[in-house]
1. How large is ³J(HN,Hα) for each residue in the stretch 339-346, as worked out from phi by the Karplus curve 6.51 cos²θ - 1.76 cosθ + 1.60 (θ = phi - 60°), to whole Hz, x for Gly and Pro?
2. Determine the dipole magnitude for the stretch 391-481: charges of +1 sit on the beta-carbon of Lys and Arg, -1 on that of Asp and Glu, nothing else is charged, the reference point is the Cα centre, and the result goes in debye to the nearest 20.
3. So for the chain: antiparallel DSSP bridges make up what percent, rounded to the nearest 5?
4. So what's the gap between the Cα centers of the stretch 235-250 and the stretch 123-196, to the nearest angstrom?
5. Hey, can you rank 431-443, 293-305, 43-55 by average C-beta count inside 10 Å, highest first?
6. Restricting to lysine pairs 8 or more places apart or on different chains, what number in the chain have Cα atoms under 27 Å apart?
7. Semi-axes of the equivalent ellipsoid for the stretch 97-354, please: Cα gyration tensor eigenvalues, times 5, square-rooted, ordered largest first, whole Å.
8. Could you work out [θ]222 nm for the chain from helices alone, using -39500 (n - 2.57) per DSSP H run of at least four and dividing by all its residues? Round to the nearest 500 deg cm²/dmol.
Amino acid sequence: MDAPSNVRRGRAHYLVYMTSSTDSLPQTRHLATAIPGPVSTALHREREAQVSSGFGVTMPVFINRASGGILEDVDGNRIIDFASGIAVTSVGAVNAQVQAHVAAQMARFTHTCFMVTEYDSFTQVAAWLNAHVPGDFPKRTALFSTGAEAVENAVKIARAATGRERVLVFDDAYHGRSLLTMAMTAKVNPYKKNFGPFPGEVFRAPTATRLWARGGGDATAATALAGVEALLLENDPRSFAAMVIEPIQGEGGFLVPAPGFLAGLRELATKYGIVLVMDEIQTGMGRTGRLLASEHEGVAGDLTLTAKALAGGLPLSAVTGRAELMNAPHAGGLGGTYAGNPVACAAALGVFEAFEDGTLLANAVTIEATAREVLQPLVDSTAIIAEFRGRGAMLAVEFADKDTLEPRADLAAQVAAACHRQGVLVLVCGTHGNVIRLLPPLVIGPDLIRDGLGVLRNAIVAANAAQTDTDTASAAALAAV
Ligand SMILES: *Cc1c(COP(=O)(O)O)cnc(C)c1O
């Protein structure tokens, strides 16, 4: 087949879509073509000729429009969005409040650099975060652009405030793709492979998460905390500037800590004068049914990090925390050309408005109830689901052999692919790649949630049946030997 002519055909078709209707997107799943369709396939071929192959892709479809719980691709397929661009478009990919604030800001100016001349929306975002982030103490906020930048700056702030160097992170942690945050991230492939050496002074401690609810591991809060303290004591606890933890570990597999683990970390941090940094980049901004996930545990970080859903898809991140820590770096020590960009700040003000009436938080709780109803029974009725877990609209199923708890990345990939073929976008995560995670936008409607969950459930049931057949066949083969 002649590739260039395909590309031209794809682009022409795509432009027709781009300029076609502006009416609202129907909130129903619809398959117009196989997925990916011909236009996406042609555009993907062109992408491969132009874009670094260092970028992967979960589902190779090109999006034309998005709204509510639907992504519409350039072939006219309407896909149920259980990803939200990795927990970003929580208030919807086209949110009226975000649009209004952004449009007004676009008409005024796009950038000044906050380090050069000031604008008030930066202060307003800071004030909102200071008021809403857990912690009953005076706070200050610094804004940046990406999550990794927020993590890096939290470490800079903790070092400046304590005069110490070391950073404690945890098993299964994910903190980003910059050099320091790669060092802090646990998973090697794909994040760290071939990219070292990494900055030093990063230590990794055990967590109390993996399958604790099923008694599948030794990681209760008490045993894990004993391990954390032992590691600190071996390495001089007073050499640690910061302890960085995700209140629910995201990329690591949506690992919910055992009750008491976060509170125990809070105690250890206080005991040894270590800055406790809550990485709420994925869990924050309503994702778990509370504004910040650390609220579920009644634990406040000394510094709390937000990004992803903070500005409804525009790049914005924040470090919020104790005033005396936040004011420790010298003037001019923090910043960045785009840090707290005014268009992104305007978008965040729209996001804050969207959360005001409580509907989105309530919907996160409803999403959890529906998903629990549909997916929890699979833990007992199949031999391949080890756990259903999560909070609010941050939910996951873990694939593992029921008896051995051996991770089954192959089954997670197979089920995800089946969902994608049927127009349901799910993401795989987990240190072992064996977890399917659900991160629907908080504006998704109940019918779409049920439809998408039904597709996922059926794919799991089919994979389980195929697996059972395979097991029976190999048992029979063994018996025949
Ligand atoms: C996504 C994520 C980051 C990194 O954010 P980027 O904006 O991709 O740099 C850091 N921590 C957690 C918990 C995340 O989920």
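The values are calculated or read from the model by the stated rules, or taken from the named source; none is laboratory data. The structure presented is a predicted model; accordingly, all values stated were derived computationally and were not measured. Virtual Cβ from ideal backbone geometry, glycine too; neighbours counted across all protein chains shown. The area values use the complete protein model at the heavy-atom level, side chains included, leaving out ligands, DNA and RNA. Shrake-Rupley method; radii C 1.70, N 1.55, O 1.52, S 1.80 Å.
1. 4, x, 3, x, 5, 5, 5, 4
2. On the way: 7 positive and 9 negative charges, 69 e Å.
Charge dipole, the stretch 391-481, about its Cα centre: 340 debye, nearest 20.
3. Looking only at bridges with both residues in the chain, the antiparallel portion is about 65 percent.
4. Cα centres, the stretch 235-250 to the stretch 123-196: 11 Å.
5. Going by the mean number of other Cβ atoms within 10 Å, highest first, we get 431-443, 293-305, 43-55.
6. 12
7. 31, 20, 17
8. It lands at -13000 deg cm²/dmol.
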